[in-house]
Number of protein chains: 2
Amino acid sequence: MLSRLARSCALPRNGKRLTHKRLATSRNLAAFSSFANSNEGNQNKLSAILAASAILAGTSICASEAKHPDPTPTNVTQEEGFEDNVRDLDKLPTYTSEQVSENNGENGKIWMSYGGIVYDVTNFVYNHPGGSERIMLAAGGAVEPYWHLYRQHFATDLPMRLMEDMVVGKLAEKDQDAIDEQMAKIEEENEDPYAHEPKRSELLIVHGDQPMNAEVPAELLTSSYITPADVFYIRHHHPVPLMMKKDIDSYELEIDLSEFSSELGLKESTVKISIADLKKLPKTEVVATLQCSGNRRGDMNSAGRTSGTSWSQGAISTAKWGGVRLTDVLKAAGIEDPISLTEKDSIQKHLRMESLDGMKASINMEKATNPYGDVIIAYEMNGEPLPRDHGFPLRVIVPGFAAVRNMKWLKKIEISKNEAEGAWQQGLNYKTLPPSVTDAKKVDLAKMPSMTEVAVFSGITSVDIVGIPKLKPGKTVLVKAKGWAWSGGGRNIVRVDVSGNAGESWTAANLGEGSDQKFNRAWAWTFWECEVPAIVKKDGTVEVVSKAVDLAFNSQPESVAHGWNVRGLGNNSWYRVITRG
Amino acid sequence: MLSRLARSCALPRNGKRLTHKRLATSRNLAAFSSFANSNEGNQNKLSAILAASAILAGTSICASEAKHPDPTPTNVTQEEGFEDNVRDLDKLPTYTSEQVSENNGENGKIWMSYGGIVYDVTNFVYNHPGGSERIMLAAGGAVEPYWHLYRQHFATDLPMRLMEDMVVGKLAEKDQDAIDEQMAKIEEENEDPYAHEPKRSELLIVHGDQPMNAEVPAELLTSSYITPADVFYIRHHHPVPLMMKKDIDSYELEIDLSEFSSELGLKESTVKISIADLKKLPKTEVVATLQCSGNRRGDMNSAGRTSGTSWSQGAISTAKWGGVRLTDVLKAAGIEDPISLTEKDSIQKHLRMESLDGMKASINMEKATNPYGDVIIAYEMNGEPLPRDHGFPLRVIVPGFAAVRNMKWLKKIEISKNEAEGAWQQGLNYKTLPPSVTDAKKVDLAKMPSMTEVAVFSGITSVDIVGIPKLKPGKTVLVKAKGWAWSGGGRNIVRVDVSGNAGESWTAANLGEGSDQKFNRAWAWTFWECEVPAIVKKDGTVEVVSKAVDLAFNSQPESVAHGWNVRGLGNNSWYRVITRG
């Protein structure tokens, strides 16, 4: 049995940290197809993924071998590992694949197998960070082919830890052998979907590289106001779409107006615009900060374990985006007055977006068409064509909104009375639950709004103690601190308060670059610097704290605990740095 | 000397609380005129006030004698009174009015006299809550006639307390006699500017009645979603303008476009629109909450004394406002495309507003012209003509902005490259200073933005302990709480967290009325109810705490201390209620 378990995860031995073996990397998304064919009833479920994978099937035109530092190991330690927790594995019943497939949700139970173990995930599906829709793809079947694509499951030990409590039995050896054979075949016959990732800067801190999730180190974050494209943070959900020259030449943005084409009197319900035609529209540039909704999630784990990448403060960057106003694109597609359409019948409407990698998201049409909202379809980043990692050939920039709404690799937009479908818009993935909720099953996710505008944030990127070689407890020293601050919705940063005595007193920082942005259209961050007295604590350290205040006089909450949420989203509690100088 | 002092303020005797004698009430703004004539150099300074006072000179058409509860006495106690602090008054030098007038600011010193005492206010003018511009009206002269109008100086003991430290001498008896004579003459000859205040509900909690500042009691606040007009909170800066029938018939809103008339190709730089013509434009209705920027200032005083009315949570109310879109008015005035004008040359522009009582304020043109901003010029409140207390005949409604920008008694609007002048826009009055700043002289007020959008707030209006007759310390009881929550900028309330154990755990409240407002156009508050376990503290009380979260996931800060500011603005810290059931 242990050898079986070891196929999917390296088990801890003698109290060592639990780590996960990566599945072999030379596999391709197309592998799903053959697997699905052998796995009755799963074909429809897979169609969405397969559609997204089509673009990945070509060969590389610009990919080179990726070379990155190893993913940052998880810092979570544990007393016991999977082996200890599931001691009585041999005593558990054995099930066949057929028996597993009977529990595909239709009878109220959802089972899945992985690495020779059978799991009952019925109560977990609502809490699947990637959304219940997505985990249900594997209902009644084997998890292996899905994790082959969604390798974020190997980035931390969280998935295996959660699964410990869901074990219901073993999978019949012959059935696991069949799965293993199939996976081996997939590996042999197909290319690794991650084989054509772009080359990345070694300066980035990589949390997981399949898909790539990497943040900017603190010392680089405020080294230039516009983040150079190669050190702009990366947060992907899938392999980076790969386009051949012919794909680019024939690339067309699809604008689906079918829900409104008759009332708008449009001849065509769908309009396609080539990149060349798009570039004929007036060009505009917007300097905007993007931030992952999970930025600073790492700090939130101190108040309770959350799921997802353990970002420090570096999942944020700023670029000058060049492109065309979304409103101009809508007008070019035949919508004479996008604002009137938005207001029509007082019904909420959404701009739905789809990307080449299968991502779906939407924004409200008021933001999409607001004359002061500065939403653009970008084809440039910092004066160059968009890099593959940041959305080549087209991405949407929704200034002041969470980065997930700034759709990369844009393939299609659509005006609809409904939000985008899928985990990234309607699922748990980007929903901030109340601090009291640890089981998403207990809330109505439909009533919880998805991330749109972002709250006020700040971070400290350096702390220097002025001219004191040794810190004596109880003494006050002068500290030079600098950092960044940003708020969503275009709300300018009006103040950053800095404290060296845990908030007993505050010093207002000097605001630098970014402090002169347009009123209420401050889409990019503001840099700050501050000299502040700090008290040396008993342990010889000083702690420096920052909190920013935006134009609406919202400020950052003191404690991370009161905003804790199970997905670890939106941690904008006071930023704290402890240093010995 | 003491008798002299007693003319202006009742001095504390034997440790009694310091209170202030009101100046006689039968006086009129026009009194300034004769006083100014005798007070060389002050004429120009007074012209602004005099212009505002003209409308007050008529006789009443609808005023009735006001009858209110006495102003809430200040809760501030003090060890020593004015008498004790200025023991050596007799030893101080005596100055003449002429000597006082030499220190009018031109030589770098600013003196004023009041009640026979001479004060050096040089270092205070920057910190005058009503703005330095306004206090400078009395530079080198007597304060009496100004306080005759601005009677908020008598609402608390703060003005006299601050002035204790500024005493430099006595005013020559003959000069004070002359001032007293003049004030007596003013009283005799002129009508009290507050003689024609509207009748108000006795349900309101009055903090000061000249000008009227009154809040809604907690138990009424959430008794109806739309606040009845007669218990809508009142926050005035002056007497309520009084209009005769002929004034109303000839009333015209002035639209000053002189800064842009040539580039817009307009024939007239100023357009006037009668109320009848205004009402011919399409009517629209907006349900919007208004909140005084100082709401909950009372709580902020626990973290340090602030200046201004000590509001509890009741300086907030909600009405359905009926009127015409501001954009339609601008178009009617000849501006073909208000959005293009706003964007022209990328220069920030402002909509400046002036009222019949001399108030001036402005909002950014992006808000004024935003198709989704819902700014209107209202002539109705809850389906009836605007009451005098709420802006009759016209007021601006700027949904999501601080109430001070929702100009009552609207007389004039103007598009300008500059913010409105005056204390309410550019002065200290509505500026949130950093918590570190107690002396406004030390900051550049021009760099501090005025209140615009409002942060996220909540309040608790009732707490009922469920079925427990006696509270035993350490026990947990079930508590039913209800209240309101609101955020500026149209950001919907997505959650209200309630705690009965000081935030150790939270229960998400049920959101009621207001929770179904348009996405990001939630201009009105949201009501909530919650059953929450609460722990009985050692003293037999329970404390219930609320904090709301808005669409941008901004939340209320835990402590009032870290957002403390000298003007006591924007206190949105956790709302706390302590009860014995």
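The values are calculated or read from the model by the stated rules, or taken from the named source; none is laboratory data. A quick note: this is a predicted structure, and the numbers were derived from the prediction, not measured. Using ideal geometry, Cβ is built from the backbone for each residue, glycine included, and neighbour counts are taken over all protein chains shown. Heads up: the accessible areas ignore ligands, DNA and RNA and are worked out on the full protein's heavy atoms, side chains in. Shrake-Rupley method; radii C 1.70, N 1.55, O 1.52, S 1.80 Å.
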Discussion item. Can you pull out every residue in the range A:440-465 that is away from chain B (no Cβ under 14 Å), open to solvent by 40 Å² or more (accessible area, probe 1.4 Å) and out of contact with any Lys or Arg (no Cβ under 6 Å at 6 or more places or on another chain)?
Written reply: A:Lys441
Item to complete: Enumerate the pairs (first residue in the range A:492-504 and at the interface with chain B (Cβ under 7 Å from one of its Cβ atoms); second residue anywhere and part of a loop (DSSP other than H, G, I, E, B)) with beta-carbon separation below 6 Å, excluding pairs fewer than 6 apart on the same chain, so at least 6 apart or on different chains.
Response: A:Val494/A:Leu551; A:Val494/B:Pro449; A:Arg495/B:Pro434; A:Asp497/A:Trp506
Practice prompt. Would you mind stating whether A:Ala368 is outside any loop (DSSP other than H, G, I, E, B), over 30 Å from A:Pro193 (Cβ atoms) and open to solvent by less than 10 Å² (accessible area, probe 1.4 Å)?
Written response: yes
Worksheet item: Just one of A:Val396, A:Val287 is within 14 Å of chain B (Cβ to nearest Cβ) and β-branched (Val, Ile, Thr); which is it?
Response: A:Val287
Item to complete: Keeping to the range B:226-241, report how many residues are small (Gly, Ala, Ser) and under 9 Å from B:Leu204 (Cα atoms).
Response: 0
Fill in: Test: B:Glu513 is among the acidic types (Asp, Glu), more than 23 Å from B:Leu290 (Cα to Cα) and open to solvent by 20 Å² or more (accessible area, probe 1.4 Å)
no
Worksheet item: Filter the range B:161-199 for residues that are of a type in the set (Lys, Arg) and out of contact with any strand residue (DSSP E or B) (no Cβ under 7 Å at 6 or more places or on another chain); which is nearest to B:Phe232 (Cα to Cα)?
Response: B:Lys199
Practice prompt. Assess whether A:Gly373 counts as being under 25 Å from A:Leu569 (Cβ atoms), surrounded by 23 or more Cβ atoms within 10 Å (Cβ to Cβ), more than 14 Å from every other protein chain (Cβ to nearest Cβ) and not aromatic (Phe, Trp, Tyr).
Written response: no
Worksheet item: Based on what the data block shows, is B:Gly334 in a loop (DSSP other than H, G, I, E, B) and either touching a Ser or Thr at 6+ places or on another chain (Cβ under 6 Å) or closer than 27 Å to B:Asn418 by Cβ (or both)?
Response: yes
Practice prompt. Sort out which residues of the range A:215-246 are assigned to a helix (DSSP H, G or I) and at pLDDT below 90, and write them in order of number.
Written response: A:Lys245, A:Lys246
Worksheet item: From the list B:Gly483, B:Gly489, which residue is within 10 Å of another protein chain (Cβ to nearest Cβ), under 33 Å from the mean Cα position of the chain (by Cα), within 30 Å of A:Leu433 (Cβ to Cβ) and not hydroxyl-bearing (Ser, Thr, Tyr)?
Response: B:Gly489
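May I ask you to list the residues in the range B:371-402 that are hydrophobic (A, V, I, L, M, F, W, C) and either outside any loop (DSSP other than H, G, I, E, B) or modelled with pLDDT under 95 (or both)?
Residues satisfying the conditions are B:Ile376, B:Ile377, B:Ala378, B:Met381, B:Val396, B:Ile397, B:Phe401.
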Worksheet item: So, of the residues in the range A:126-160 that are touching a strand residue (DSSP E or B) at 6+ places or on another chain (Cβ under 6 Å) and at negative phi, which turns out to be modelled with the lowest pLDDT?
Response: A:Ala155
Worksheet item: Is it the case that the range A:537-548 has a residue that's closer than 26 Å to B:Glu453 by Cα, facing chain B (nearest Cβ under 8 Å) and modelled with pLDDT of 95 or more?
Response: yes
Worksheet item: Among the numbered criteria (1) part of a strand (DSSP E or B); (2) more than 28 Å from the chain's Cα centre (by Cα); (3) away from chain A (no Cβ under 14 Å), which single criterion is violated by B:Val577?
Response: (2)
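Condition check ((1) in contact with a helix residue (DSSP H, G or I) (Cβ under 8 Å, 6 or more places away or on another chain); (2) at pLDDT below 95; (3) within 30 Å of A:Gly131 (Cβ to Cβ)) across all residues:
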site: A:Gly490; (1), (2), (3): no, no, yes
site: A:Val498; (1), (2), (3): no, no, no
site: A:Trp506; (1), (2), (3): yes, no, no
site: A:Ala522; (1), (2), (3): no, no, no
site: A:Pro533; (1), (2), (3): no, no, no
site: A:Pro557; (1), (2), (3): yes, no, yes
site: A:His562; (1), (2), (3): no, no, yes
site: A:Leu569; (1), (2), (3): yes, no, yes
site: A:Trp574; (1), (2), (3): no, no, no
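Pick out the one residue from A:Thr342, A:Thr327, A:Thr289 that is under 29 Å from the mean Cα position of the chain (by Cα) and under 30 Å from A:Asn213 (Cβ atoms).
A:Thr289
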Discussion item. Taking the condition of being more than 26 Å from B:Met407 (Cα to Cα), touching a residue at least 24 places away in the same chain (Cβ under 8 Å) and hydrophobic (A, V, I, L, M, F, W, C), how many residues in the range B:441-482 meet it?
Written reply: 10
Worksheet entry | Checklist (1) in a loop (DSSP other than H, G, I, E, B); (2) over 13 Å from B:Ile316 (Cα atoms); (3) among the polar types (S, T, N, Q) applied to B:Gln182, failing item | (1)
Item to complete: Within the range B:164-177, work out how many residues are open to solvent by 20 Å² or more (accessible area, probe 1.4 Å) and in contact with a Phe, Trp or Tyr (Cβ under 8 Å, 6 or more places away or on another chain).
Response: 5
Discussion item. Return the residues of the range A:516-536 that are more than 9 Å from chain B (Cβ to nearest Cβ), in a loop (DSSP other than H, G, I, E, B) and surrounded by fewer than 18 Cβ atoms within 10 Å (Cβ to Cβ); say none if nothing qualifies.
Written reply: A:Asp516, A:Gln517
Worksheet item: When you scan the range A:304-339, how many residues do you find that are touching a residue at least 60 places away in the same chain (Cβ under 8 Å) and surrounded by 18 or more Cβ atoms within 10 Å (Cβ to Cβ)?
Response: 22
Worksheet item: In the range B:403-431, which residues are at pLDDT 95 or above and assigned to a loop (DSSP other than H, G, I, E, B)?
Response: B:Asn406, B:Met407, B:Lys408, B:Trp409, B:Lys417, B:Asn418, B:Glu419, B:Ala420
Practice prompt. Residue by residue through the range A:211-235, note down the ones that are surrounded by 22 or more Cβ atoms within 10 Å (Cβ to Cβ) and within 13 Å of the chain's Cα centre (by Cα).
Written response: A:Met212, A:Asn213, A:Ala214, A:Glu215, A:Tyr233, A:Ile234, A:Arg235
